[in-house]
Amino acid sequence: MTESDRPLYAPQNFLLAGVGGQGTLLAADIVALVGVALGHDVKKSEVHGMAQRGGSVTSHVRWAEKVYSPLSAPGEVDYLIAFERLEALRYANMLRPGGVALVNDYRIAPGSVTSGGDTYPSEADEASVYAANLRALHVPAQALAQALGQVRVNNVLMLGVLSVFLDAPESVWREVIASRVPARYVALNDRAFSAGRAEGLRLL
Amino acid sequence: MKRLLSGNQALARGAWESGVRVAAGYPGTPSTEILETFAPMPGIYAEWCPNEKVALDVAIGASYAGARAMAVMKHVGLNVAADALFYAAITGVEAGLLIVVADDPGMHSSQGEQDTRRYGKFARVPVLEPSDSQECLEMVATALELSETFDTPVILRTTTRIAHSYGLVEVGPDRAPAADAERPTYRVDPTKYVMLPGNARRRHPIMEDNIRRVAEAANTLPCNRIEPGDRSVGIVTSGAAYQYAREVFPNASFCRLGLSYPAPTRLLAEFAAGVERLIIIEEGDPVLEEECRLQGLPCEGKSIFPLVGELSTETVYDAALRAGLVDEQPWRAPVARAPQARDLPALPPRPPVLCPGCPHRGVFATLRKLKVVVNGDIGCYTLGALPPLSALHSCGCMGASIGVAHGVALAGIQQHNVAVIGDSTFYHTGIAALLNVAYNQSRTVTIILDNSTTAMTGHQQHPGTGYTLQGRPTPPADLEGLVRVLGIQQVHVVDPYDLESVETTLKACLALDAPSVVIARRACALLPEARKQYRPLRVQADKCIACGTCRRLGCPALTKSDELYAKTGKPKTVIDPVLCTGCEICAQVCPVDAILFRNQLDDSGGQA
Ligand SMILES: Cc1ncc(C[n+]2csc(CCOP(=O)(O)OP(=O)(O)O)c2C)c(N)n1
């Protein structure tokens, strides 16, 4: 199956996945606003539930001339941006053939692993999923962000990686990021974005 | 410029633009952000009420008095407010009355997925159903106009997907501040507003006539529209289902209903006449389908598409493909169906859990130890039902715990049992049940988990917190005083971080032959004041015997260490310093004192 089988109106689909507290929703906000700045119709969808920390968090973002469903269907996602390795695996089936998974090389063990009988998936498990006609790129975002002095910017760093795959001008990303983070963290996030871009160009 | 707004934000903006003056509600996912967005807007009044029934009465009162009003709740909230809905339907309104009700197909955070559109038909109240954020904004105006034109409250039904999805919205002009200063005069009209049977008998046919007139108007309402296309399949749809159907049937003819009750009979008949196969795609109950059938229009709906759960592009596509309504769309052949992915072992889930430092944990750890039956309620603490705590044994609807526990005790069971209820839930619908316990001198022990917030829905204020929705300070309800005044003489306050006092107090209360209340008081660990007290604890690895007692508290901060205990070969415990708040519950259950208490730690987190 080739790219050209997809209808022309097919949107550009992003799925962001992480664990509560990792900044997944802020990253999704930025991807959505970049789409708006580029003049697309944009929809974004997330499910907030409980106030607790530590649950699985996802957000869908779609850019197109006209977006209907706010959710991408399995097999429709172009870019999976995952902030944690298990969450990447959980949503890998959302990717279209040839889709790209950008995976923060970071593990957070769920409760059923730390206090129950479950095991965290092995690298062989991961390889078997990503072999399915997907492109998985592991990004040491946690370490790179740590080197910038603040692990929390790993989310914006991952967007820097994503940006090299897309046509959007770099300046649009930087403006949107500056508009969405507190003033005193703008410079730090800008540096994180640059670090992500450099890493993205290396991986590309 | 267009703004990217969630359905909830767009609803709030719409209410503001449309001159809603008074808004009242009770939090509930996925409706909560509507009032949180509306409350800071200029020129309006908004409040949290103890429950949805009170909120709807407040909105009805404002409407009777001539101010446009809105009540906001989640679907099950309308069960609580149903009595008010029915009388407002029969009295009608003075100024526009909007009731926003958020359904939760798929039960992302609810105990059921009842379809609010049924209430529309039951109470003879029109129901609007937006399909995206833009329509959320526009339909507020439509609702208020319908309400005033046809003398009826109007329900606006959203769903989780509409409420929490963002789309581009063209906002309208800002609200004119001048109108906010006007003081309405209460128009006295007992025949309309005093529902003594004589008046109610006169009002009932008027109500029936009004809803017939709405049905007539529905045929030409702009939000009910035909989108012509290929005539072989004609799709009648509403709400979020419209969006999924549009993706799966890009070329079909559509009849998109924005007003899903009452149905526009002429419009539907006209549409049906022009298509070969009439297909109804709706999320939830077969409401539109039944309306079509009542009109004698041959159609298919729930025989093809799921009745249960949330719809999505893939469920609509799969069902349509099976029914031969669409050809295969190869780009939808998901990777999920590729053989490689199928071989993967099931992935460990990441369900919501009680947070590190959650004060509820201390109570559930003790209840588990005492092996009592726990009749629970709805809130974060419902998670006490999950392993490894597994210490909550029933949970139905808000406020149910106390009545259920009393009933369980009346059945004369062999075990002890207790009711567990959160503070916000107690103010919501627990008070009357506790009054019953006091009145009938039940032996029930009621534990009120007072974390001074409505944590589950994202930390809203409530009558016990000392602040209103709009941030005004207010005298906090005196919980102990309230409980005593209801007739409970045995009232104890404990700190749930102090396991020993929780246990001794509970044991004493269980032994009593009289009703008792235990208030477990400690602020939610996510509140800003509590966050300031965080101090991560540490396990002394050389002392840990890898018994796992601490990990059976289900605290996410306690994880298996790479280091094994030599005697058993089992993993010791480590504490994640990023997650640990230092509540010390684990330190109290450790049989060998391997976990250091706060006062045993030095500044670097080592032993003092
Ligand atoms: C009738 C009804 N209204 C609203 C809700 C949504 N809801 C579930 S639990 C809850 C409040 C929980 O607060 P509290 O009792 O204080 O417990 P906490 O979450 O703070 O532990 C709310 C508002 C619901 N389930 N049912």
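Kindly indicate whether residue B:478 is open to solvent by 70 Å² or more (accessible area, probe 1.4 Å) and acidic (Asp, Glu). Walk me through how you get there before you give the answer.
Values: open to solvent by 70 Å² or more (accessible area, probe 1.4 Å): yes; acidic (Asp, Glu): yes.
Criteria met by residue B:478.
So which strands (runs of 3 or more DSSP E) stay within region B:510-596 end to end and still have 1 or more residues that are of a type in the set (Asp, Glu) and exposed (fewer than 15 other Cβ atoms within 10 Å of the Cβ)?
Working: elements: B:516-521, B:558-565, B:570-575.
Hits in region B:510-596: B:558-565.
Among the residues of region B:71-130, how many are under 19 Å from residue B:259 (Cβ atoms), free of Cβ contacts under 8 Å to residues at least 60 places away in the same chain and surrounded by fewer than 20 Cβ atoms within 10 Å (Cβ to Cβ)?
1
Out of region B:355-369, which residues are within 12 Å of the ligand (Cβ to nearest atom) and either farther than 20 Å from residue A:113 by Cα or open to solvent by 10 Å² or more (accessible area, probe 1.4 Å) (or both)? Give the derivation first.
Here is the first cut: in region B:355-369, the ones within 12 Å of the ligand (Cβ to nearest atom) are B:355, B:358-361, B:363-364.
Matches in region B:355-369: B:355, B:358, B:359, B:360, B:363, B:364.
What helices (runs of 4 or more DSSP H), lying completely within region B:262-327, carry at least 1 residues that are within 31 Å of the chain's Cα centre (by Cα) and at pLDDT 95 or above?
On the way: elements: B:265-273, B:287-294, B:313-322.
Ranges flagged: B:287-294, B:313-322.
Taking region A:95-128 as the region of interest, how many residues are within 8 Å of chain B (Cβ to nearest Cβ), within 16 Å of residue A:80 (Cβ to Cβ) and in contact with a strand residue (DSSP E or B) (Cβ under 8 Å, 6 or more places away or on another chain)?
Of region A:95-128, the ones within 8 Å of chain B (Cβ to nearest Cβ) are A:95-97, A:99, A:109-116, A:118-121, A:125, A:128.
From what's left, within 16 Å of residue A:80 (Cβ to Cβ): A:95-97, A:99, A:121.
Adding the requirement that they be in contact with a strand residue (DSSP E or B) (Cβ under 8 Å, 6 or more places away or on another chain) leaves A:95-96, A:99.
The qualifying residues number 3.
Yes/no per residue for (1) within 14 Å of another protein chain (Cβ to nearest Cβ); (2) open to solvent by 10 Å² or more (accessible area, probe 1.4 Å); (3) in contact with a strand residue (DSSP E or B) (Cβ under 7 Å, 6 or more places away or on another chain); (4) modelled with pLDDT under 95:
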site	(1), (2), (3), (4)
B:205	no, yes, no, no
B:211	no, yes, no, no
B:214	no, no, no, no
B:219	no, yes, no, no
B:228	no, yes, yes, no
B:243	yes, no, no, no
B:248	yes, no, no, no
B:253	no, no, yes, no
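Yes or no: residue B:445 among the hydrophobic types (A, V, I, L, M, F, W, C) and within 16 Å of the ligand (Cβ to nearest atom)? Explain how you work it out, then say what you get.
Values: among the hydrophobic types (A, V, I, L, M, F, W, C): yes; within 16 Å of the ligand (Cβ to nearest atom): no.
No; evaluated as a whole, the condition is false for this residue.
Can you name every residue in region A:22-66 that is modelled with pLDDT under 90 and either within 8 Å of another protein chain (Cβ to nearest Cβ) or open to solvent by 50 Å² or more (accessible area, probe 1.4 Å) (or both)?
Result: A:46, A:47, A:48, A:49, A:50, A:51, A:52, A:53, A:54, A:55, A:56.
Given the residues B:384, B:407, B:422, B:412, which is the only one that is open to solvent by 40 Å² or more (accessible area, probe 1.4 Å), outside the structural domain of residue B:553 (by TED's automatic domain parsing) and not charged (D, E, K, R)?
Numbers: B:384 fails: open to solvent by 40 Å² or more (accessible area, probe 1.4 Å); B:407 fails: open to solvent by 40 Å² or more (accessible area, probe 1.4 Å); B:422 fails: open to solvent by 40 Å² or more (accessible area, probe 1.4 Å).
Selected residue: B:412, the only one of B:384, B:407, B:422, B:412 that is open to solvent by 40 Å² or more (accessible area, probe 1.4 Å), outside the structural domain of residue B:553 (by TED's automatic domain parsing) and not charged (D, E, K, R).
How many residues does region B:83-106 hold that are within 11 Å of the ligand (Cβ to nearest atom) and either farther than 24 Å from residue B:20 by Cα or over 13 Å from the mean Cα position of the chain (by Cα) (or both)?
1
Output the residues belonging to region B:348-381 that are free of Cβ contacts under 8 Å to residues at least 40 places away in the same chain and within 10 Å of chain A (Cβ to nearest Cβ).
Scanning region B:348-381 gives B:348, B:349, B:350, B:351, B:352.
Which ones in region B:229-261 are out of contact with any Phe, Trp or Tyr (no Cβ under 6 Å at 6 or more places or on another chain), outside any strand (DSSP E or B) and without any contact (Cβ under 8 Å) to a residue 40 or more places away in the chain?
B:229, B:250, B:251 - these are the residues of region B:229-261 that are out of contact with any Phe, Trp or Tyr (no Cβ under 6 Å at 6 or more places or on another chain), outside any strand (DSSP E or B) and without any contact (Cβ under 8 Å) to a residue 40 or more places away in the chain.
Going by the conditions given, is residue B:298 without any contact (Cβ under 8 Å) to a residue 60 or more places away in the chain, surrounded by fewer than 16 Cβ atoms within 10 Å (Cβ to Cβ) and in contact with a Phe, Trp or Tyr (Cβ under 9 Å, 6 or more places away or on another chain)? Explain how you work it out, then say what you get.
On the way: without any contact (Cβ under 8 Å) to a residue 60 or more places away in the chain: yes; surrounded by fewer than 16 Cβ atoms within 10 Å (Cβ to Cβ): yes; in contact with a Phe, Trp or Tyr (Cβ under 9 Å, 6 or more places away or on another chain): no.
So residue B:298 fails the test.
The values are calculated or read from the model by the stated rules, or taken from the named source; none is laboratory data. None of these values were measured; they are calculated from a predicted model. Cβ sites come from the backbone with ideal geometry, for glycine too, and all protein chains shown count toward neighbours. The accessibility values were calculated without ligands, DNA or RNA, using every heavy atom of the protein model including side chains. Shrake-Rupley method; radii C 1.70, N 1.55, O 1.52, S 1.80 Å.
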